[in-house]
Amino acid sequence: QVQLVESGGGLVQPGGSLRLSCAASGSIINILTMDWYRQPPGGEREFVARITNSGFTHYDVSVKGRFTISAINALNMVSLEMKSLKPEDTAVYYCNAFAITTMTKSAQNYWGNGTLVTVSS
């Protein structure tokens, strides 16, 4: 299977920056896409950004121009650079991988446990 571990969360002031990382490990054959999602307090999980194994990136309109997703090593390590942070960016950020493993014949979704980002003065 795939294990995803997020890191880099914390407390930051409005207007500040933070960099999240997601490390993938396990019996991975190919990671097709890596996404970042977030779940604000009392809210539902929502899409933030995606990067594909061909390097295509896509962002939710709420973060476009402020957040940058990047990857190294065939998507086994993905980062989310967050700038100009706002209080409404406060959420638990989750990494999601759509991957093929040695245990499956088709790609499946895998989730990390999340990392908390708090934007507050």
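In the range 1-27, which residues have a backbone nitrogen under 12 Å from the label point lying 7 Å from SER84's Cα in the Cα-to-Cβ direction? The answer is 15-16.
Between THR102 and ILE72, the FRET efficiency estimated from the beta carbon spacing at R0 = 25 angstrom works out to 0.65. Kirkwood hydrodynamic radius of the chain, from the reciprocal of the average inverse Cα-Cα distance over all distinct pairs: 14.3 Å.
Once the 1.4 Å probe is applied to the protein heavy atoms, the range 1-113 comes out at 52 Å² accessible per residue.
Relative contact order of the chain: 38 percent, from C-alpha pairs under 8 Å at least 6 residues apart in sequence. Of the solvent-accessible surface of the chain, computed with a 1.4 Å probe over protein heavy atoms with every protein chain present, carbon and sulfur atoms account for 51 percent.
The values are calculated or read from the model by the stated rules, or taken from the named source; none is laboratory data. Remember, predicted model here, so these are calculated numbers, not experimental data. Using ideal geometry, Cβ is built from the backbone for each residue, glycine included, and neighbour counts are taken over all protein chains shown. SASA here: full protein model, heavy atoms, side chains in, ligands and nucleic acids out. Shrake-Rupley method; radii C 1.70, N 1.55, O 1.52, S 1.80 Å.
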